[in-house]
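The values are calculated or read from the model by the stated rules, or taken from the named source; none is laboratory data. Given the structure is predicted, the values throughout are model-derived calculations rather than measurements. Note that we place each Cβ from the backbone using ideal geometry, even for glycine, and neighbour counts take in every protein chain shown.
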Amino acid sequence: MRQRGAPFFVVLMTGALAALLLTQYIRDWDIDTEIQERLLDPRNKRAFPERKPATASTMQHEPPLVNQESLVMHTLLPQIHPTVTRFLADPTDLKLGPGVTIGALATLDTLHAGGERATPILLEEHVTIETGCQLHGPVEIHAETVIGESSYLENVKIGQRCTIEPFSVLVNVSIPDDTIVRQGAILCTPFTETRFDHAL
């Protein structure tokens, strides 16, 4: 009796499992059919919601309101990195124009300038001194000139809109306006007296 009942129990369990799987398959089929009908039916508004075209108002956010006066004052104030080293015989030896930027680890030295000079180091408006530059007075740099990183300047006068590329050495020279000094250039002449014709 036990041997005959065992196969019957196996058949019963197999039939129940097959019925369960068939029921789950039919349920999944109904769900998939419903989803496909909703997605493929163009009349169904929920399946295909209308997307509004992007406009300038949605793509670009309006900038926050800024006090124009404070913004102008911020751009005109000299920006001097905290790591700049200053060796000044007198605080008035350094004169900076509006918008001057002095990068990190720069050196400003007027102790060995000598003579009677009103402005041993004069940087006019929007002059940029990049990282690691050394300026040993007297130095006069006119507006919108860029001094590349790690450059060495001593007793020089540089005109407007000049570009001194990095690692340049300028000693006892005068550079005219709109001049580009290539990277690593060494321009040295015998000592000449430098006089400052401009004052801020």
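Might you let me know whether segment 123-141 holds any residue that is modelled with pLDDT under 90, in the same structural domain as L170 (by TED's automatic domain parsing) and of a type in the set (A, V, I, L, M, F, W, C)? No, segment 123-141 contains no residue that is modelled with pLDDT under 90, in the same structural domain as L170 (by TED's automatic domain parsing) and of a type in the set (A, V, I, L, M, F, W, C). For segment 87-122, residues that are at pLDDT below 90 and either buried (at least 18 other Cβ atoms within 10 Å of the Cβ) or not assigned by TED's automatic domain parsing to the domain that holds S151 (or both) total 6. Among the residues that make up segment 78-86, is at least one of them touching a Pro at 6+ places or on another chain (Cβ under 8 Å) and in the same structural domain as E130 (by TED's automatic domain parsing)? Scanning segment 78-86, I find at least one residue that is touching a Pro at 6+ places or on another chain (Cβ under 8 Å) and in the same structural domain as E130 (by TED's automatic domain parsing), so the answer is yes.
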